[in-house]
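Worksheet: the structure to be examined is printed underneath.
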Amino acid sequence: MISGRGGSMMRGRIRPPRRPKAHADGEDEFEACWDKLREALRDIHTRNAGQLSFEQLYRYSYKIVVKKAGLKLYDRVKEFEEKWFADEVMPPIWALITPNLVSITLEEVPSGSIVERRAVGEKFLKGVRSSWVHHNFSMNMIADILIYLDRGFIIDHSRPGIYTTTIGLFRDHILRSTITQDGASHLVFDILNATIIDQVNMEREEDVIDKALVRSCISMLEGLYETDEEREDERIYLTTFEPVYLRSSQAFYKAECERLLRENNASAWLHYTKRRLDEEAERCQTTLSPLSLPKIIQVLEQELIIKHVDEFLAIENSGINAMIDNDRLEDLGILFGLVARVDPRKQVLRNAFAVRIIELGTEIEQTLKSTDFSIAQQANAEEAAEGADKSKPKTLNASAQQTAAAIKWVDDVLVLKDKFDRIWSSCFGEDLILQTALTKSFADFINAFGRSSEYVSLFIDDNLKRGIRGKTEAEVDIVLDKAITLIRYLGEKDKFEQYYQKHLARRLLHSKSESLEAEQAMISRMKQELGNNFTAKFEGMFRDMRTSKETTDQYREHIRGLGEVDSNRIDLNINVLAGNNWPKEVMGRTGHADGPRSAVIYPREIQGLQDSFYKFYTMNRNGRVLNWVGSAGSADIKCIFPKLPGKTSGPLSKERRYEINVTTYGMMVLLLFNEMAEDEWLSFEDIQERTNIPQPDLINVLTPLSVIKAYRVLLKEPQTKGAVKPGDRFAFNREFVSKTIKIKVPAVSAANKVENDEERKETNQKNEETRKYIVDAAIVRIMKQRKELGHSQLITEVIQVLSSRFKPDVPLIKRQIEALISRDYLERAELADGSPAYQYVA
């Protein structure tokens, strides 16, 4: 038969027959090849392989596999390696396992110095490493020689590779071998693990160890598997060493944490924990295995943080309270980092800070009650009259003391807020979860204080009157932003709106504002934060003031156009106020203006001015009604005090002229004394009869004019330092002397002060009445949109709608629902499940 390879080019050529070769007996040939391979294996192990021929040795293994004796070669190699381990490798390892090593590592018995302890461990690890490195190197060379055995036999017979099998012998014959000393048996595995852990513990105790040596032993464990299948999750490092390492670490750090608790120092615990976390992370990268990093970190977090964080934070002189109070920002930053890594919700920090904020807020209130505000610093006192002795501290009356207390409360709250804002930004990384917790805690303690709405309004009032004086625009913006922050915390914003409206009205009417631009900026910020409805009345007040200025200018032009020139004519400045925009307290004590002009008896000169302005105002405004509010105005009066007979020197020896600024009611009272004889007196009742000024307002007018020395234009009998009362008599004080030409008599009604209990009760009653209308409007608006709604759902929606202004009481909502039903806005109904509901009546 003719055959050939190579296609058409080979066609026609006859291949010569192969010459038969003489074959030796198959068994003899295997033994001959194996003898050569065995000698080569021995030379490789003894590091005498320099003269070996890789090609020739490969041919030997090739021949054996080709002759179908691969299994026999596989077993022979394995037997050789097992015998080599028994004869050459294991004795030196066992020689290194001394009783001293066993006592130090397994029995944890201190023996000698730390140097001796380290030397014994390192000697054993070096022996193991040397054996492993030599074995690994030899097995790589042997696997190269027997590569055809792997390819031609092992793959077909589903056996582990020759390298896998021989490298696993180190695991089975060295690490899993048992050594007996003093009647006790020990696994080499256990001794190796304990020795490595002992080295790690020495490093934890700040001793120097051979990291490269430990790392090489760990690499050996990472390269070995439980079986020759070599599954990744069965690395000996993971199955044998790591569990022991983690248990040992857990015991180590448990003992360390107990020691730190005994030391009673939270700051030391924080720094220790942070340092240990960093060290263990670095140790896994450089000394042990990165595979253990998440597990060892979990051990530290459990033992050093989770189990005992509450105990450390509760330590009296170094816990969370001490960190906050003493501004230990570094400790707080570390604390945040530790808590955040074990609890994404930071529950421990949230609770601790919430409790501390409320405690400090309560302390502010308690400090306020124990502080004496009777003496104020000159910088914080009310502006004294010019010429007064400013070097002495000013004594505050009861009302001014309460106002000073309000300003201090707000200032202290802002200082506390700045403190926690600084902690939040610099220590907590502006974490949103903690920001929410801090905001809620501040809102809780601020709203727990019954006067917070009033105090915040007074704080803004004080700053807009004088607090921003001399400040730059940026500094003013900071003040306004702080005010908005406080408003944001208030739960009863409708009550704040009432106070702010009252305080703003007095600032505008009495020209107390330091800067109208700042006033407008404040309202703009509130509008942005709280909406248009909240600031509608405030904007209306400013609109009234602008319109009033234009009206006053037009009136003066009108008077000049009439050609009436009178040097004694009174200059009139008018503020026309829309009643809906201005608070009732400013429009009159009863909530109404003076009504008909007969209610308050104005001087003839003033009545003429009123008639003149009324005619001008109604020329183009048909149907308008003007009611004069005497309690809200002021007047400048030129007073002449004649010289006293018999006086030849001093200020009383000559005529004295002063310009005195008083309220409108004050002007009416002083004008009465123009018509009085020199030594004639008027009683309180006479003055009230001639002016018809309400008694409370009259007391407020006469008290500064007759009691306070700097403004004592009138004499009073009896002479007392208390407020004026019915039955007192008054006369013109001809001996009045002042160092200043212009004198501003303080108006009691013009000063914004803290309300007394009766005034606060009245304000709360008015606020409750106002809330009824707001709740009514919310119910009608919801029902008009929904047409039909269940009882519970209606109450829930009303609360949601009004929560931005105040939190309405459920009983109040129920009462207003009943009122709307009685007024035929709603009617009762039932839902499909029989629960009560309401329908909107169009």
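Any read-out appearing in this document is the output of simple, stated calculations on the displayed coordinates, not a laboratory observation. Keep in mind it's a predicted model, so treat the numbers as computed, not measured. Positions of Cβ are backbone-derived with ideal geometry, glycine not excepted, and every protein chain shown enters the neighbour counts.
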Output the antiparallel fraction of DSSP beta bridges having both residues in the chain, as a percent to the nearest 5.
90
Net charge within 13 Å of Gln181 by Cβ-Cβ distance, Lys/Arg positive one each and Asp/Glu negative one each, not counting Gln181 itself?
-3
What does the highest-first list of 333-341, 432-440 look like by mean Cβ count within 10 Å?
333-341, 432-440
Net charge of neighbours whose Cβ lies under 12 Å from the Cβ of Arg805, counting Lys and Arg as +1 and Asp and Glu as -1:
+1
Non-local amide H neighbours of Ser683 (under 5 Å, H modeled in plane, Pro and chain starts lacking H): which ones?
Phe730
Taking a ≥ b ≥ c as the square roots of the Cα gyration tensor eigenvalues, with a/c under 1.5 meaning rounded and otherwise prolate when a/b beats b/c or oblate if not, the range 757-840 comes out prolate
If neighbour count is taken as other Cβ atoms inside 10 Å, put Arg76, Arg546 in order from fewest to most.
Arg546, Arg76
Nonlocal amide H pairs with Gln181, under 5 Å, H built at 1.01 Å
His186
Name the residue from Leu187, Ile297, Leu221 whose Cα lies farthest towards the positive end of the charge dipole of the chain, charges +1 on Cβ of Lys and Arg and -1 on Cβ of Asp and Glu.
Ile297
Solution diffusion estimate, µm²/s, Stokes-Einstein, the range 26-234, Kirkwood Rh from C-alpha pairs, 10 °C, viscosity 1.306 mPa s:
84
Against the longest alpha carbon principal axis of the chain, how many degrees, from 0 to 90 and to the nearest 10, is the axis of helix 114-145 turned?
60
Given points 7 Å out from each Cα along the Cα-Cβ axis, report the Asp75 to Thr796 separation in nanometres with one decimal.
8.0
Just to confirm the number: angle between the C-alpha axis of helix 493-509 and the first principal axis of the chain, 0 to 90 degrees, nearest 10?
50
Using Cβ counts within 10 Å as a stand-in for footprinting exposure, how do Thr166, Thr703, Thr618 rank, fewest first?
Thr618, Thr703, Thr166
Please give me the summed charge of the neighbours of Ser130: other residues whose Cβ is under 13 Å from its Cβ, Lys and Arg +1, Asp and Glu -1.
+2
Chain lengthening between Thr367 and Gln785 when straightened (0.36 nm per residue, less Cα-Cα)
145.5 nm
Which residues' amide hydrogens lie under 5 Å from the amide hydrogen of Leu715, considering only partners 5 or more residues apart or on another chain, with H built in the peptide plane?
Ala731, Phe732, Asn733
Cβ-Cβ FRET estimate between Lys295 and Arg543, R0 fixed at 60 Å, reported to 0.05
0.30
Can you tell me the orientation of helix 347-370 relative to the chain, as the angle in degrees between its alpha-carbon axis and the longest Cα principal axis, to the nearest 10?
30
The range 67-105 versus the range 184-254: alpha-carbon centroid distance in Å:
21
Long-range Cα-Cα pairs in the chain (distance over 43 Å), rounded percent:
61
Ranked by Cβ crowding within 10 angstrom, fewest neighbours first, how are Thr472, Thr485, Thr367 ordered?
Thr472, Thr367, Thr485
In debye, nearest 20, what is the charge dipole magnitude of the chain about its Cα centre with +1 on Lys and Arg Cβ and -1 on Asp and Glu Cβ, if you could check?
2660
Give me the distance between the Cα centres of the range 627-680 and the range 112-174, rounded to whole Å.
115
Can you tell which of Val780, Leu458, Ile320 lies farthest toward the positive end of the dipole of the chain, using +1 and -1 charges on the Cβ of basic and acidic side chains (Lys, Arg; Asp, Glu)?
Val780
Given charges of +1 on the Cβ of Lys and Arg and -1 on the Cβ of Asp and Glu, with all other atoms neutral, how large is the dipole of the range 450-530 about its Cα centre, in debye to the nearest 20?
260
Point-charge dipole on Cβ atoms (K/R +1, D/E -1) for the range 254-311, about Cα centre, debye to 20
100
At a Cα cut-off below 30 Å, give the lysines reachable from Lys36, other chains included and same-chain residues fewer than 8 away excluded.
Lys21, Lys63, Lys67, Lys68, Lys72, Lys78, Lys83
Phi-based couplings in Hz for the range 312-318 (Karplus 6.51, -1.76, 1.60; Gly and Pro marked x):
5, 5, 8, 4, 5, 9, 9
How large is the helix-only mean residue ellipticity at 222 nm for the chain, computed as the sum of -39500 (n - 2.57) over DSSP H runs with n ≥ 4, divided by its residue count, in deg cm²/dmol to the nearest 500?
-18500 deg cm²/dmol
